[in-house]
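Everything below concerns the one structure shown next.
Bear in mind that the values in this text are calculations on the coordinates, not laboratory data. Predicted model only: the values in this text are computed from it and were never measured. Quick reminder, even Gly has a Cβ in these numbers, built from the backbone with ideal geometry, and neighbours come from all protein chains shown.
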Amino acid sequence: MSKVNAGATGRGAEDPSSSDPTVAAGIWIAVGEKIGKSHLTYAQGAAAEIVAAGTIGAADVLGLPVSTTHVLSSGVAGTMAANSSGLQLATVRNLLMAWVLTLPMAVLLSATLYYAFAKVF
């Protein structure tokens, strides 16, 4: 009978949703290649993670809502720009559009839904 390391979650090691560092590294490589024109280095990944942790921590202390995805993506873009690796401009444009449109679209959609629900209920 084979043993499976269930860990704290009770999930087996073969479960892809378990916290496997190689899965996380693969995700970061994919993110780095989508944002930048070259592979994400360990130094770039570490810098982006440290900046993201600090930014998210500061936002938490100040009670400000932030998107971890936006913060991490910005950190990766910053390291790519600092390293002169080059940025995928189409991806950066999409990130900028997401930052600009998220808040007003959420406000508009929630106001519209509230108005519709207020009429129905």
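Of note:
- Between HIS70 and TYR115, the FRET efficiency from the beta-carbon distance, with R0 = 30 Å, is close to 0.60.
- Around the amide H of GLY36, modelled in the peptide plane, lie the amide H atoms of GLN88, all under 5 Å away and 5 or more residues distant in sequence or on another chain.
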